[in-house]
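Have a look at the structure below, then the notes.
The values are calculated or read from the model by the stated rules, or taken from the named source; none is laboratory data. All values reported here derive from a predicted model rather than from experimental measurement. Note that we place each Cβ from the backbone using ideal geometry, even for glycine, and neighbour counts take in every protein chain shown. What goes into the accessible areas is simple: the full protein's heavy atoms, side chains included, and nothing from ligands, DNA or RNA. Shrake-Rupley method; radii C 1.70, N 1.55, O 1.52, S 1.80 Å.
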Amino acid sequence: MDLQTLQHEAASRTGLTVTRRDVERVLAALQRTGDVWKVVEYSRTPMRVVCALLDVLQENGGLTVQGDQLVFTAEGQAFCEQQGIAPFTTATCPTCEGRGVVLDLLGDIRERFHTIAQQRPTPLRQFDQGYVTPEVTLARVAFLWERGDLVHKDIIVLGDDDLVSLALALTRRPRRVVVLEIDERLVRFIEEQKAAHQLTALEIVQHDLREPLPEALCGRFDVFVTDPTESFVGFRAFTERGLLALRGAGSAGYFGLTHVESSLKKWRDIQRFLLDYGLVITDLRDGFNRYVNWGYEADMRSWAWLPVKVPPRDMWYTSAFYRVEWVEPQEIPNRPFSGNIFEDAEAATT
Ligand code: SPD
């Protein structure tokens, strides 16, 4: 067994780019935990690649499965030591959990939002839904506030199972919050909460983001917020709609991006198209977003790849929170996206 064989074998089985660093990250994670879901989280490597590497390691006698745990063999452990690969470690701030914001600005909105969130609809696989914890939604709002993207701003939210539109509107600081959502259950839920809490600045539009952005919403907003599905084309569909909605120079956008379903190569492709559209990445907070397990894990395409078929016990799916700002606005096409925008070769949780 050597690192290059592991790397090449995982690449040939998946058809994806696999780097030596990916292999090292997986080996580091495995020295910290035997929980396959946590290996995915700690390794910050696409789930497709992690699972292929686990298979290769098992076949080479470096790893075994004991009950629902992955365990290094003596040979596997010795290999890590020989290669100088240390166990994954963390140095995350326990107060903000690494987000860099606390929620004091939000006062009693915290409690009100928690009560609202308890009544929300359950995630649907059909729309690749899976929401962040209420604390994360509130942290997004605090972060926008800190960046000057909340008070007296016109904000558009594209897809909203995280209920960001409600949390934004509860602050009563934005001038306007418009949410576009495809799922009629969520549309109804947000409408009901709007009425219950008299959120007059909030407007809800049922809309499929595969369709062009309605003309009336183009160029009318200071800020967009979205958490796109992560196929490259799906990601483009969501963020292009967000950009179309913006006024221009100085407008800002926020989105989440995982390592679970997006390789660093995809990160680079995404960053490149954003830079080409005239944006700058002002903030990138990895691990900011933590998602509640959505309940359809055994139906996901990645279930078949797992060496241990066990549902996740703890949260494991995280994403980076990006803020981009437009410095040199470019023309954005308002084109329809057809077909399956939810899947590409790296998609794992659809
Ligand atoms: N399919 C279940 C989880 C999907 C959650 N979407 C998060 C996307 C991050 N950009």
* Hey, for a label at ASN293 modelled as a point 7 Å past Cα toward Cβ, could you say which residues of segment 125-154 have their backbone N under 11 Å away? => none
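Using a/c under 1.5 as the rounded threshold, could you call segment 65-125 rounded, prolate or oblate? The axes a ≥ b ≥ c are square roots of the C-alpha gyration tensor eigenvalues, and prolate needs a/b larger than b/c, oblate otherwise. Intermediate values should be presented prior to the final figure.
Numbers: a/c = 5.11, a/b = 1.99, b/c = 2.57.
Because a/c hits 1.5 or more and a/b fails to exceed b/c, segment 65-125 counts as oblate.
In Å², and per residue, what accessible area does segment 104-326 have when probed at 1.4 Å with the other protein chains present? It would help to have the intermediate numbers written out before the result.
On the way: 8350 Å² over 223 residues.
I get 37 Å² per residue for this part.
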* Structure fact -> With label points set 7 Å from each Cα along the Cα-to-Cβ direction at GLU75 and GLU97, the distance between them in nm comes to 4.0 nm
* For segment 333-350, in order, what is each residue's ³J(HN,Hα) by Karplus, 6.51 cos²θ - 1.76 cosθ + 1.60 with θ = phi - 60°, in whole Hz (x at glycine and Pro)? -> x, 9, 9, x, 10, 10, x, 7, 8, 8, 10, 9, 5, 9, 4, 10, 10, 7
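Rounded to the nearest 500 deg cm²/dmol, what is the calculated helix-only ellipticity per residue at 222 nm for the chain, with -39500 (n - 2.57) per DSSP H run of length n ≥ 4?
-11000 deg cm²/dmol
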* Asked: If you project the alpha carbons of segment 104-326 onto their three principal axes, what span does each projection cover, largest first, in Å?
  -> 51, 42, 34
* Structure fact -> Excluding residues fewer than 8 positions from LYS309 in its own chain, the lysines with Cα under 26 Å of it are LYS38
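Quick one: with all protein chains in place, what share of the accessible area of the chain is carbon or sulfur, to the nearest percent (1.4 Å probe)? Don't skip to the end; give the middle numbers.
Working: 6770 of 14390 Å².
Its accessible area is 47 percent carbon and sulfur atoms.
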* Asked: Once label points are set 7 Å from the Cα along Cα→Cβ at both ARG247 and ARG220, what is their separation, rounded to one decimal in nm?
  -> 1.4 nm
* Structure fact -> Of GLY98, GLY84, GLY76, the most mobile residue in a GNM of the chain (C-alpha springs, cutoff 10 Å) is GLY84
* To do: For VAL65 and GLU328, calculate 0.36 nm times their separation in residues minus their Cα-Cα distance, and state this gained length in nm to one decimal.
  => 89.4 nm
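Which shape class, rounded, prolate or oblate, goes with segment 187-240 when its Cα gyration tensor gives a ≥ b ≥ c as root eigenvalues, a/c under 1.5 marks rounded, and past that a/b bigger than b/c marks prolate?
prolate
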* If you stretched the chain out fully between TRP303 and PHE273, how much longer would it get, using 0.36 nm times the residue separation minus the C-alpha to C-alpha distance? -> 7.7 nm
* Distance between modelled label sites at GLN83 and ASP108, nm, 7 Å Cα→Cβ extension -> 5.6 nm
* Asked: Gap in Å between the Cα centre of segment 1-62 and the Cα centre of segment 235-292?
  -> 26 Å
* Structure fact -> Amide H contacts under 5 Å for LEU124, restricted to residues at least 5 apart in sequence or on another chain and with H modeled in the peptide plane, are GLN129
* Structure fact -> Inter-part gap, Cα centre of segment 85-133 to Cα centre of segment 327-350, in whole angstrom, is 25 Å
